[in-house]
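J.: Just dropping this structure here.
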Amino acid sequence: MPLLKTISGIRGTIGGRPGENLTPQDVVECAAAFGAWLMRTGAAPRIVIGRDGRISGQMLSQLVTQTLIALGLEVIDLGLSTTPTVEMAVPRHRAGGGIILTASHNPMEWNALKLLNAQGEFISREDGEAFLKLIESKDITYADVRRLGSYHRDDTALDYHLERILALPDVAVDTIRSRGFKIVVDPVNSTGALAVPALLRALGCTVIVINAEINGQFAHNPEPLPEHLLQLAEAVPYHQADLGIAVDPDVDRLALVCENGAIFGEEYTLVAVADYILARRPGNTVSNLSSSRALRDVTLRRGGQYFAAAVGEVNVVHTMKAVQAVIGGEGNGGVIVPALHYGRDALAGIALLLSHLASTGLRTAELRSQYPDYYMVKDKITLPPDTRMDALLEALHQHFQHENCDTTDGLKIDFPDGWVHLRQSNTEPIIRIYAEAVSLARAQALAAQMKELAAI
């Protein structure tokens, strides 16, 4: 099983051999390198940590905590938490950085250490490269016995996070409470079971929770895709609920189910939230190059400008800051609300989506029907290991040179009725294909065309 070391941290499967899987040695090396890097930058010698509900989470938390203490750092432990909660806790505690123990949407055998800077945002490419060099060099010095670090618990972080959401001017708290929504929640046996019902009850909603036990034994594949939401899609009409909400294990992705059991579509979570924000405050929006064209359509209709960023949250955040976007995120259900913090936040997305529904008086299916229908296909081109993939992408660029092309991140080709985004994998000899069009047949044809051209 794999161990992936990237500029944003390390990720792998639990067990096996060091250097090949996520083992205690690998966890200690990563935590030590990050702590040493942070101390060399002159940042505050304090790190906030938190974890999702995975079986391996407590073990990793103890390894990380003791390693950081051995470096002489102060550890603020949130315990069971969410990614956006940790992100907000870092600046609250004036910490030098943060570590989130979560493998996000990956299955239960996976876990990861995700690294944050002093702003509670994912570290930059430059900082990530410096961190990786420290792992390789092992140029790390631990504190002597008189200078060991310390450990503190913070059990107030989620309350603080929810208070900040409810205080946002765009969250229509009283209007939501007056609607008395009934909502079914699927937190997939992780920390969404703590956070999502607490937020909904504060907004006066009746809440029904399925897969509520936080045991890391995910009841289904934890990525909130339509094929994994069948239980929720059945539960919503059964309970005569207004809405179904699904989050991934660390609560940074949000997927919705309509009152009739229809899937709202993860690409449309950000679209609907952006439409609400832009109606109140026109401005710019950002999503990554692989996200739906629907956000661009809504932004232009509301009088704003749309900008595309390279794939990766850190790239989206960088672009949002550069263009002063009022809302942004990723088409995987990741909503970033800059008025709150620069990180994907399903809880903020829920509050704004409910504000939209409550303010318009629409039902969930009616709201979804207001947005253009696009169909997305995800595929890949598998190539021989010695293929020069950069040369292949350049050849495709030349083939479509008369179309609107973007080479910010791989190659994106915009057609009048759709688009294709081609990205080279960092770990496999493949090129990933993302295609979207006004019909499923057209999206499939675009993906097939790319595969045919690559084979020539």
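What follows draws every value from the coordinates through simple rules; no lab data is involved. Nothing here was measured: the structure is a model prediction, and the numbers come from that model. FYI the Cβ positions are ideal-geometry reconstructions off the backbone, even for glycines, and counts take in every protein chain you see.
J.: Among the listed pairs Lys321/Lys378; Lys5/Lys378; Lys114/Lys380; Lys5/Lys114; Lys380/Lys412; Lys378/Lys451, which are separated by more than 21 Å between their Cα atoms?
T.: On the way: Lys321/Lys378 29 Å; Lys5/Lys378 25 Å; Lys114/Lys380 27 Å; Lys5/Lys114 11 Å; Lys380/Lys412 14 Å; Lys378/Lys451 12 Å.
With Cα atoms farther than 21 Å apart: Lys321/Lys378; Lys5/Lys378; Lys114/Lys380.
J.: Starting from the Cα gyration tensor of the chain, take the square roots of the eigenvalues, sort them a ≥ b ≥ c, and report rounded, prolate or oblate (rounded when a/c is under 1.5, otherwise prolate if a/b is larger than b/c, else oblate). Before the final figure, lay out each step's value.
T.: Details: a/c = 1.67, a/b = 1.14, b/c = 1.47.
Cα axes put the chain in the oblate bin.
J.: Can you order the peptides 72-78, 257-263 by their average number of other Cβ atoms within 10 Å per residue, highest first?
T.: Numbers: 72-78: 22.0, 257-263: 19.3.
The peptides rank, most packed first, as 72-78, 257-263.
J.: Based on the mean of other Cβ atoms within 10 Å per residue, sort peptides 324-336, 159-171 so the most packed one is first. Numbers along the way, then the final one.
T.: Details: 324-336: 25.5, 159-171: 16.4.
Descending mean neighbour count gives 324-336, 159-171.
J.: Can I ask one more? With +1 assigned to the C-beta of every Lys and Arg and -1 to the C-beta of every Asp and Glu, and no other charges, what is the dipole magnitude of the range 375-455 about the Cα centre in debye, to the nearest 20? Let's see the in-between values first.
T.: Values: 8 positive and 12 negative charges, 46 e Å.
With only Lys, Arg, Asp and Glu charged at Cβ, the dipole is about 220 debye.
J.: Something else about it: Towards the positive end of the charge dipole of the range 375-455, with charges on Cβ (+1 Lys, Arg; -1 Asp, Glu), say which of Gln398, Ser439, Pro416 has the farthest Cα.
T.: Positive-end residue among those listed: Ser439.
J.: Still on this structure: Which of the peptides 105-115, 138-148, 194-204 is most tightly packed, and how do the rest follow, judged by the mean count of other Cβ atoms within 10 Å per residue?
T.: Numbers: 105-115: 21.6, 138-148: 10.7, 194-204: 20.1.
Going from most to least packed, we get 105-115, 194-204, 138-148.
J.: In addition: Among Pro169, Val48, Leu300, which residue has its Cα furthest toward the positive end of the charge dipole of the chain, with +1 on Lys/Arg Cβ and -1 on Asp/Glu Cβ?
T.: Pro169
J.: Let me know the shape class of the range 161-369, please: from the alpha-carbon gyration tensor, a ≥ b ≥ c as square roots of the eigenvalues, rounded when a/c is under 1.5, otherwise prolate if a/b is greater than b/c, or oblate.
T.: Cα axes put the range 161-369 in the prolate bin.
J.: If you don't mind, there's one more thing I want to ask. Check each of the trypsin sites (Lys or Arg not before Pro) in the range 381-456 and keep only those in coil by DSSP with at most 12 other C-beta atoms within 10 angstrom; list them in order.
T.: Numbers: sites: Arg388, Lys412, Arg423, Arg432, Arg442, Lys451; in loops: Arg388.
Those satisfying the criteria are Arg388.
J.: In percent, how large is the relative contact order of the chain, given Cα pairs closer than 8 Å and 6 or more residues apart?
T.: Numbers: 1034 pairs, mean separation 53.2, N = 456.
Reported as a whole number, the value is 12 percent.
J.: How much net charge surrounds Ile10 when only other residues with a Cβ under 10 Å from its Cβ are counted (Lys, Arg +1; Asp, Glu -1)?
T.: Numbers: positive: Lys5, Arg11, Lys114; negative: Asp26, Glu29.
So the surrounding residues net to +1.
J.: Only four residue types carry charge here, +1 at the Cβ of Lys and Arg and -1 at the Cβ of Asp and Glu. Report the dipole size of the range 161-369 about the Cα centre in Debye, rounded to the nearest 20.
T.: Details: 16 positive and 21 negative charges, 160 e Å.
That gives the range 161-369 a dipole magnitude of about 760 debye.
J.: Among DSSP beta bridges whose residues both lie in the chain, state the antiparallel percentage, nearest 5.
T.: 60 percent
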